[in-house]
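In what follows, a single structure is set out as structure tokens and then discussed.
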Amino acid sequence: MNVASRVSRLSVAQLGVVLVVLVSSVFGLVYFVKALTRLNDVATANDTLSFSDREIAAGNSIVVDQQAAYQARALIPHSESYRVVTGETVKDATPLTLPFVESWYRYFLMPRRPAADARWIVCYACDVSKLGGPYSVIWRDKNGISIGRLR
């Protein structure tokens, strides 16, 4: 092989590499711009959320009433325990409400701790006759959720 053919083969290979790098760079730049646009759309959507929606977050698919969560946190003292008792007739419940509402309140009401014999009750349409004593309602909503304590 002479020097001229070796140089031309090398030039074709180099040209191929340059072409691949150029196409990859253009492709990457286009998708980078698309990603930034999508990120801006997500940020705009998050910006429209209220403070409550941000704080409750995924709990919005579990809890029926944000106000009930805030009332429970305001009414139950930090040093007291509580329990979440559910019934079957919660109005406007989602398929996630009954299976997960107790776990969600455990997170939301920290440092308060759940206990099976707690006097403070978050009642999601529960049967109050099965709570173990006279139940004094302190807060109630239209969905059948109440917050109270046993006397």
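So here's what we get for this one:
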| read-out | value |
| --- | --- |
| Count of the range 73-101 residues which are under 24 Å from R119 (Cα atoms), surrounded by fewer than 16 Cβ atoms within 10 Å (Cβ to Cβ) and not small (G, A, S) | 7 |
| Counted residues, the range 109-134 - those being modelled with pLDDT of 95 or more and touching a helix residue (DSSP H, G or I) at 6+ places or on another chain (Cβ under 7 Å) | 3 |
| Test: residue in the range 43-51 that is surrounded by 13 or more Cβ atoms within 10 Å (Cβ to Cβ) and among the acidic types (D, E) | no |
| Selected residue [farther than 30 Å from K130 by Cα, β-branched (V, I, T) and modelled with pLDDT under 85] from V12, V26 | V12 |
| Single condition E55 does not satisfy, out of (1) surrounded by 10 or more Cβ atoms within 10 Å (Cβ to Cβ); (2) at pLDDT 90 or above | (2) |
| Out of Y31, Y70, sole residue that is among the aromatic types (F, W, Y) and under 20 Å from P114 (Cα atoms) | Y70 |
| Hey, A116 among the small types (G, A, S), assigned by TED's automatic domain parsing to the domain that holds I62 and surrounded by 19 or more Cβ atoms within 10 Å (Cβ to Cβ) or not | no |
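Conditions tested, residue by residue: (1) assigned by TED's automatic domain parsing to the domain that holds R119; (2) touching an Asp or Glu at 6+ places or on another chain (Cβ under 9 Å).
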{"site": "V17", "(1), (2)": "no, no"}
{"site": "S25", "(1), (2)": "no, no"}
{"site": "D41", "(1), (2)": "no, no"}
{"site": "R73", "(1), (2)": "yes, no"}
{"site": "S81", "(1), (2)": "yes, yes"}
{"site": "T89", "(1), (2)": "yes, no"}
{"site": "T94", "(1), (2)": "yes, no"}
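The values are calculated or read from the model by the stated rules, or taken from the named source; none is laboratory data. The structure displayed is predicted, hence computed values, not measured ones. Backbone-built Cβ (ideal geometry, glycine too); neighbour counts: all protein chains shown.
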